[in-house]
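Below is one structure, written out as structure tokens; comments come after it.
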Amino acid sequence: MSQFDLTDDQKAIQEAARRFTAEAITPHAAKWDEDHHYPKDVVQAAAALGFGAIYVSEASGGIGLGRLEAALIMEAMAHGCPSTSAFISIHNMAAWMIDCFGSAAVKAKYLPGLVTMDKIASYCLTEPGSGSDAAALKTRAVRDGDHYVVSGSKAFISGGGVNDVYVTMVRTGGDGPRGISCLVIEKDMPGVSFGSQERKLGWRSQPTAQVNFDNVRVPVENLVGAEGQGFAIAMAGLDGGRLNIGACSLGGAQRALDAALAYTRQRQQFGKAIADFQATQFRLADMATDLAAARALLYQAAVKVTEGAPDKTMFAAMAKRFATDAGMSIVDRGLQLFGGYGYLMDFPMEKLFRDLRVHQILEGTNEIMRVITARELYRLSN
């Protein structure tokens, strides 16, 4: 085995995720997309394999895997449906934040339900007025005895209005990142409300809505980490979230490449299969090369995040940017090989195109990934 090979355990995890996807996700994904259906039963079924708590510690009931194993799982599920895979990724990120930074009380309160996905979690950072400038968030939590009183709104929240638990970044102090803390807020707490479901280009198998907090009283014990630690927790979570969304792009891109290979073999033009034309072969060769390069970088970044390497944040940002840009480009080129058929819902390409486009925006836009990469380059060179 070379240093670039997966271990036997990693291959087994990957194969389990592929089998689950082939049986439970791929046959239904197009219908979920067409009907804007959220397959909660399938999402919860993933928890039976441990996919609801991939890098939650074994002591807390999770399966305690590393970020490379998580990427393998997300990539495999995204081959069937990037939207559904990404939804499960977000739950994992929120559960990990509670496990890694929460007190014994908050872990005991929430993790048993999150591990089994009897309760499903959302991550609330972005606001209507603070997207890329996340440290400018306005949602405020004011201490009142043994509660915080929370007021504000969060935007573009996956699971908004449906999920049970919202791991929420709030302002407990002054301006800037050091004034931000992290609270776990429940759907049914008085004062929590939701906007209408967003009408989206893609990611139609998961609900997305604004989350509103109107003087919501949240127990102090629901604080994750210390006051003022919230922004650091959010950024730590995003290192892993960026790997997962990059992995979802890899899975979607692999599906596009697989579909393009099959289609070009059987599609006849000018008396022969279009696979026989060198222009087709060159396009497919470039797609495969870009996918392999993106996968190698993302897997390397995943190992660095697991090991806590000094350059882990830089590699997570580079991998997210490169994998999501490559994934979108690969799907676009694959759609072109399908010609007019690629534009139809009868074929997988148009859904992949719509689903992968948002990966270049969320978990930090790819422009912000360049900002992070450059900043880390300067920091590491000192």
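In a residue-by-residue description of the stretch 297-313, the property of being closer than 19 Å to Leu356 by Cα and without any contact (Cβ under 8 Å) to a residue 40 or more places away in the chain applies to at least one position.
In the stretch 113-162, which residues are closer than 20 Å to Arg217 by Cα and among the hydroxyl-bearing types (Ser, Thr, Tyr)? Answer for the stretch 113-162, where residues must be closer than 20 Å to Arg217 by Cα and among the hydroxyl-bearing types (Ser, Thr, Tyr): Ser122, Tyr123, Thr139, Tyr148, Ser151, Ser153.
Before we move on, is Ser89 touching a residue at least 12 places away in the same chain (Cβ under 8 Å), closer than 25 Å to Gln197 by Cα and surrounded by 20 or more Cβ atoms within 10 Å (Cβ to Cβ)? Let's see the steps before the verdict.
On the way: touching a residue at least 12 places away in the same chain (Cβ under 8 Å): yes; closer than 25 Å to Gln197 by Cα: yes; surrounded by 20 or more Cβ atoms within 10 Å (Cβ to Cβ): yes.
Spelling it out, Ser89 is indeed touching a residue at least 12 places away in the same chain (Cβ under 8 Å), closer than 25 Å to Gln197 by Cα and surrounded by 20 or more Cβ atoms within 10 Å (Cβ to Cβ).
Within the set Ala234, Ala256, Ala279, the sole residue that is farther than 30 Å from Val106 by Cα and surrounded by 15 or more Cβ atoms within 10 Å (Cβ to Cβ) turns out to be Ala256. Per the conditions (1) under 23 Å from Gln254 (Cβ atoms); (2) crowded, with 21+ Cβ neighbours inside 10 Å; (3) out of contact with any Lys or Arg (no Cβ under 9 Å at 6 or more places or on another chain), the sole criterion not satisfied by Ala76 is (3).
Values quoted throughout were computed directly from the atomic coordinates according to the rules given, and no laboratory measurement underlies them. The structure displayed is predicted, hence computed values, not measured ones. Virtual Cβ from ideal backbone geometry, glycine too; neighbours counted across all protein chains shown.
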